[in-house]
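A short worksheet on the structure shown next.
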Amino acid sequence: MKLLPQLFHSSLGKKYIMAITGLGMLAFAAVHLAGNLRLFLGPEVLNSYAHGLHRAEESLWMIRVCLLVLIGLHVSMAVVLTHENRAARPILYERSRLPGASHASRTMIWSGLMVAVFVAYHLLHHSAKAQVSLTGHDFAAFRTTLADGTACHDVFRMVVAGFSQPVVSGFYIVGVGLLSHHLSHGIEAAFQSLGLRNRAWDAAVRRLASGAAWLLFVGYASIPVAVLCGYGREALQ
Amino acid sequence: MHLSLRVWRQKSASAPGRFETYEARHVSPDMSLLEALDGVNEDLIASGGDPIAFDSDCREGICGACSVVIDGIPHGSRHGTTACQLHLRHFRDGATITLEPWRARPFPLIKDLVVDRHAFDRIIEAGGYVSVKTGGAPDGNAIPIPKTNVDRAMDAAVCIGCGACVAACKNASAMLFVASKVSHLSLLPQGRVERERRVLAMVRAMDDAGFGGCTVTGSCEAVCPKNIRIDVIARMNREYGRALLKGGSPELAL
Ligand code: SF4
Ligand code: FES
């Protein structure tokens, strides 16, 4: 039996794809967070890290392409599955209580689509250094010199300038909150869909899922919160 | 006690349906909900009306025929209980109870609260059996099976095929039902020999019938009258992946 057509045609196969692409993006989110948290080690560390990343242009493109494929598959499968799932119940109940179903599990398509919109905004705002920033700063003009004399983009100042705006910070915190909400169900469901769960491991999988979701939220949200509390202000002088 | 039953009435799949309210007066708390419906039907018949059609057979929670969504929950809100075993003492005196049929595209409505659950039969026909020749009846313990496997297989084998899992799932997914059968048979040595073909064929029949996919909400296990847990679904997902990787085929080898 051909593996690929079977994967894309059966409901279980589509769920495997959802799970694998979801876990792939989760791995990226974790590595990305580890990079972001360098902000707390000061401008020098963050800027040289960002500069190093941009010098590895080829691998960066490979990662971007992989991510695009992951996102494309995850979103398209989600849309197809949601459509099939709705079609399976053409007539709704007058009273429906969905016993046992958590809020996150009932709203995955919506939290997922909102996260997608947030990611698109986030890319425009930071990576593409779009001039249409809410902050009124020209991020591309933020330059600095590293300790070894190389000139590079001042990422530290950009982050501090961006997050000093409560609107930007608030939007970001809501975005990562939605992501965590999505993950609180998504990680557990991914393990289930891949069959990596049994009675003995059930509690551990649940704890891992909610632990990872909380960790990502606290990690990502700590940055705007710290900036709003005054961290890194001196970089703006 | 006295109850008001708001029941979905629909003459046939193509006729329009609506809720009608019936009064069940002087019912005893020791009666089951289906017995209250029997009482309403007797009154309806006596007054020349059309009795409410609903499914039931054993009335002791083992056949899986009864199928009513009670106040938004298939088989009602008591855990591990079929509609036929749901007693009126669990309702407030004077309460209004809303009764609806299972709602899922693969379960077309026949009349009132009765739906056609042949889709489940087609899934069983696809692979829910063991086709090896066993010869004469073997000795009771001739085939050694680990105790945990026996217990797990039994936990899944208690499925009565009622379809409440489908009715409760927001996606009308039949995963809990199919996974119960797949788990039960793949855990035992007699069923193991056909495990790849079985899971591929049963999942294909499930998809073809038009059931939705599993989004792991857990509504199915919350309503299952036999308390089957969604770990059987994880087992089926594992079995399916294994069968795909081994290059199994859903067709019967001729
Ligand atoms: S798994 Fe439970 S709810 Fe589903 S058909 Fe079997 S007994 Fe009924
Ligand atoms: S009538 Fe047999 S299980 Fe309810």
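The values are calculated or read from the model by the stated rules, or taken from the named source; none is laboratory data. Quantities reported herein were computed from a predicted structural model and do not represent experimental measurements. Every residue, glycine as well, gets a Cβ built from its backbone with ideal geometry; the counts of neighbours run over all protein chains shown. These accessible areas exclude ligands, DNA and RNA; they are computed on the full protein's heavy atoms, side chains included. Shrake-Rupley method; radii C 1.70, N 1.55, O 1.52, S 1.80 Å.
Might you let me know whether segment B:144-160 holds any residue that is hydroxyl-bearing (Ser, Thr, Tyr) and buried (at least 23 other Cβ atoms within 10 Å of the Cβ)?
No, that holds for no residue.
Determine whether residue B:168 is within 29 Å of residue A:82 (Cβ to Cβ) and either within 19 Å of the chain's Cα centre (by Cα) or assigned by TED's automatic domain parsing to the domain that holds residue B:101 (or both).
So residue B:168 fits the description; yes.
Within segment A:185-201, how many residues turn out to be open to solvent by 40 Å² or more (accessible area, probe 1.4 Å), touching a helix residue (DSSP H, G or I) at 6+ places or on another chain (Cβ under 9 Å) and either in a helix (DSSP H, G or I) or of a type in the set (Gly, Ala, Ser) (or both)?
Total meeting the criteria: 1.
Among the residues of segment B:215-227, which ones are assigned to a loop (DSSP other than H, G, I, E, B) and either open to solvent by 20 Å² or more (accessible area, probe 1.4 Å) or within 10 Å of ligand 1 (Cβ to nearest atom) (or both)?
Hits for segment B:215-227 are B:215, B:224, B:225, B:226, B:227.
Taking segment B:228-254 only, how many residues are more than 7 Å from chain A (Cβ to nearest Cβ), crowded, with 19+ Cβ neighbours inside 10 Å, more than 15 Å from ligand 1 (Cβ to nearest atom) and among the hydrophobic types (A, V, I, L, M, F, W, C)?
Counting residues in segment B:228-254 that are more than 7 Å from chain A (Cβ to nearest Cβ), crowded, with 19+ Cβ neighbours inside 10 Å, more than 15 Å from ligand 1 (Cβ to nearest atom) and among the hydrophobic types (A, V, I, L, M, F, W, C) gives 1.
So residue A:17 ticks every box in (1) touching a Leu at 6+ places or on another chain (Cβ under 7 Å); (2) away from chain B (no Cβ under 14 Å) but one. Which box is left unticked?
Residue A:17 satisfies every listed condition except (2).
Could you please give the count of residues in segment B:68-84 that are in contact with a Gly (Cβ under 6 Å, 6 or more places away or on another chain) and more than 7 Å from ligand 2 (Cβ to nearest atom)?
1
Considering only residues that are touching a strand residue (DSSP E or B) at 6+ places or on another chain (Cβ under 8 Å) and open to solvent by 40 Å² or more (accessible area, probe 1.4 Å), which ones fall in segment A:32-53?
Within segment A:32-53, A:43, A:48, A:51 meet the criteria.
So residue B:6 clears everything in (1) without any contact (Cβ under 8 Å) to a residue 40 or more places away in the chain; (2) open to solvent by 40 Å² or more (accessible area, probe 1.4 Å) except one condition, right? Which one?
(1)
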